[in-house]
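Novice: I'd like to ask some things about the structure below.
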Amino acid sequence: MTPILKVLKTRLTKLGKSLDELLRDSQHCTTYTPAVTKFHDAFNSMEQEQQTREEEAHGSYTIAAWESITSAETTLAKMKEKEVGIANTLESFQRATTRRIQLNGANDTQAVSSRESRQGSTISSIPAQAQTFLPRLQLPRFSGKRQEWDSFWATFKSSIDDQPISEMMKFNYLLQSLVGEARQTAAQFEVIEENYPIIIDLLKRNMAQTAL
């Protein structure tokens, strides 16, 4: 018997003993013990030439198996490296995205503040006369005739005079509503806030005198 075969038989014997010890108290002992026995019997019943061939086949199989394991380990190592690389790239991308969002948010905030500042500056620089550009309202016309006054004043009072707007805006709405003699009466006064209630009182007095 060759030295290699002897070593193989020794290993098989030790393996069989180890299996016997491990399986002695196991519930599967009745299954594995006969298999080990049959393996020993089958190997021992072989001719030396056949045992040699089995040994060579076992060696070739073992070498191929180790080569496969080594190749698999190499492949797994490369995959791990790629996984780490992908994770690092993803982390860098996430950091860049977060940074870009923060910068965009800061830029948007600055843009809003700048726009509001410009708007405030623009509004503060508009002269009082610009208030003459008023929202268009469907207001009745008043020419100074007595029969028009009650209807006109009721509508104008609820739509303009009672509203929380400046006296200047009320004055301008009034000027847009007056025509004819009523407009000529109002045109005698300078277009300033203080004159608005004066013109209203004057119109009311004129209408009261006309009614007598």
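Novice: With each pseudo-label sitting 7 Å past Cα toward Cβ, what's the residue 45-residue 63 distance in nm, one decimal?
Specialist: 3.1
Novice: Another question, then. Under a cut-off of 27 Å between alpha-carbon atoms, report the lysines in cross-link reach of residue 145, not counting same-chain residues fewer than 8 places apart.
Specialist: Here the lysines satisfying the reach criterion relative to residue 145 are 157, 170, 204.
Novice: Here's something else I'd like to know. Points 7 angstrom from Cα along the Cβ direction at residue 162 and residue 79: gap in nanometres?
Specialist: If labels sit at residue 162 and residue 79, their model points lie 8.2 nm apart.
Novice: Here is a further query. Just subtract the alpha-carbon distance of residue 6 and residue 210 from 0.36 nm times their residue separation and send over the number in nm, one decimal.
Specialist: 59.2 nm
Novice: Shifting gears a bit: Counting other C-beta atoms within 10 Å, which of 200, 86 has the fewest, and how do the rest follow?
Specialist: Starting with the residue having the fewest Cβ neighbours, the order is 86, 200.
Values in this text are rule-based calculations from the coordinates and carry no lab data. Everything numeric here is computed off the predicted structure, so don't read it as measured data. Ideal geometry is used to build each Cβ from the backbone, glycine not excepted, and the neighbour counts take in all protein chains shown.
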